[in-house]
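Trainee: Please see the structure below; I have some questions.
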Amino acid sequence: MKVTVDAVVFGYTEDELKVLLIGRKFQPFKGMLAFPGGYVLENERARETVTRELKEETNVEVDYLEQLYTFTKVDRDPRGRIITIAYYALVNPSKFNLIADTDASDAQWVSVKEALKGTLAFDHKSILEYALVRLRNKIKYEPIGFDLLSDKFTFNQLHNLYETVLGKTLDRTNFQKKFLKFGILVPTKEKADIVTAGKKPKLFYFDKKKYEKMKKSGFLFDI
């Protein structure tokens, strides 16, 4: 039995939730879309393999990375008995220049909706479905969504992000009141380069240090 890792990397761009996929350069499933990943080497921990494979195959480095699940279906890989440890990550796609290398013939951001409609290699569609459920659950009780945004953002961008990830409409007034009450959004003196309702909206940033300090005191984030 061998062990591999797979990286489900979510990004948010053009008002869409996307996932990072590679085109497989070799068999099995040559030419099909799949997650970046590979075999865990003898001298590596699984987490080290994920970060290495991501860098080698896509040129992406991640800050937020969490173990998702271990997939052990007997016939999940035609090469033999191989289990995979899946991780999921959140990044801002604009921070990276994708470069496909090693086992990848291509690296691209694909709409999650399109990825779920299409065909992915191995059992990667099932893994993506599992990761999406995890993301939707976690973003409601931990502010991980900020990892998908630029360092500075408008409130409208934050609201749109949550609606997109959760796949449902959120009352803007209630959403804004709740977020501002948390005290973890800091307004800046800067304005966005876009015009909304006849004016340029204010930019905010997420005070991560304050959030971590509040969390240690028992603060409950809940959207």
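The values are calculated or read from the model by the stated rules, or taken from the named source; none is laboratory data. This one's a predicted model, so the numbers in the text were calculated from it and none came from an experiment. Neighbour counts are summed over all protein chains in view; Cβ atoms, including those assigned to glycine, are modelled from backbone coordinates with ideal geometry.
Trainee: Scan Glu42, Glu61 and give me the residue that is in a loop (DSSP other than H, G, I, E, B) and under 22 Å from Leu161 (Cα atoms).
Mentor: Glu61
Trainee: Right, here's the next one. Just checking, which of Thr164, Thr102 is at pLDDT below 95 and either closer than 23 Å to Leu65 by Cα or in contact with a helix residue (DSSP H, G or I) (Cβ under 7 Å, 6 or more places away or on another chain) (or both)?
Mentor: Matching residue, one of Thr164, Thr102: Thr102.
Trainee: So, in region 141-190, of the ones that are closer than 16 Å to Phe219 by Cβ, assigned to a helix (DSSP H, G or I) and of a type in the set (A, V, I, L, M), which residue ends up nearest to the chain's Cα centre (by Cα)?
Mentor: By that ranking, first place goes to Ile144.
Trainee: Is it true that some residue in region 170-189 is out of contact with any Pro (no Cβ under 9 Å at 6 or more places or on another chain) and within 17 Å of Val19 (Cα to Cα)?
Mentor: no
Trainee: Inspect all residues belonging to region 67-74 and state whether any of them is touching a residue at least 60 places away in the same chain (Cβ under 8 Å), over 24 Å from Glu163 (Cα atoms), surrounded by fewer than 16 Cβ atoms within 10 Å (Cβ to Cβ) and among the basic types (Lys, Arg).
Mentor: no
Trainee: Another question about this same structure. Among the listed residues Asp6, Asp15, identify the single one that is modelled with pLDDT under 95 and of a type outside the set (Val, Ile, Thr).
Mentor: Criteria check complete, one pass: Asp15.
Trainee: Residue pairs, Cβ under 9 Å, 6 or more apart or interchain, first in region 136-161 and without any contact (Cβ under 8 Å) to a residue 60 or more places away in the chain, second polar (S, T, N, Q) and not in a helix (DSSP H, G or I). List them.
Mentor: Here the result reads Ser150/Asn92; Asp151/Asn92; Lys152/Thr188; Thr154/Thr196; Asn156/Thr196; Gln157/Ser150, each pair linking region 136-161 to a residue that is polar (S, T, N, Q) and not in a helix (DSSP H, G or I).
Trainee: Could you list all residues from region 130-154 that are over 26 Å from Leu185 (Cβ atoms) and touching a helix residue (DSSP H, G or I) at 6+ places or on another chain (Cβ under 7 Å)?
Mentor: Selection gives nothing.
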